[in-house]
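The values are calculated or read from the model by the stated rules, or taken from the named source; none is laboratory data. Everything numeric here is computed off the predicted structure, so don't read it as measured data. As a convention, Cβ positions derive from the backbone with ideal geometry for all residues, glycine included, and neighbour counts pool all protein chains shown. In case anyone asks, the SASA skips ligands and DNA or RNA and just uses the protein heavy atoms, side chains included. Shrake-Rupley method; radii C 1.70, N 1.55, O 1.52, S 1.80 Å.
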Amino acid sequence: MTSRLRTVLGLGALAELLVFIAVAAWIGLGWAILASLATSALGWVLLAKQGTKTLTELRLRAQEHRAPGTALGDAGLVAAGGFLMILPGFVGDVLGLLCLLPGTRRLPRALIARAVLNRLPDRARGPVRVQSTRPAQVDPDPDVQHVTSTRVVEGTVVDQP
């Protein structure tokens, strides 16, 4: 496990502890424990509902021989969100809700996409846009047979390793 991941996990656990202490001081320890158990139960319910819906979408796309598209990413976000909701803690519950609810799923998807794109090398980040121009008309040499078409083929440049 890298030191960066250990640091993030340690800071996450510390944040969960501090938020739990703050909530317990605000509403009482018994109510804080009850609220934590209630959010875990809510996580199970949402995971079952959204997970079934997402897996049905994936199965339908597979039967129709279509690419999974965002349905595959949604399945991963639903699984991560359910895991975060089931674990005790209020910070994880908020993050889990962002991943589980269809309306808020765009935010974690965009954040993950940005993080992945920042780690990719420049040439792997997406299509290369090529602008082409038509060459000036040249007078043909009478001794050489020329093609009179001035077609320009549009395309993309692909670097081969």
Do we find that residue 103 is free of Cβ contacts under 8 Å to residues at least 24 places away in the same chain, open to solvent by less than 80 Å² (accessible area, probe 1.4 Å) and not in a helix (DSSP H, G or I) in this structure? yes
Failed criterion for residue 94 (all others in (1) among the hydrophobic types (A, V, I, L, M, F, W, C); (2) modelled with pLDDT under 90; (3) part of a helix (DSSP H, G or I) hold): (2)
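Scan segment 41-58 and tell me whether some residue there is part of a helix (DSSP H, G or I) and within 24 Å of residue 8 (Cα to Cα).
yes
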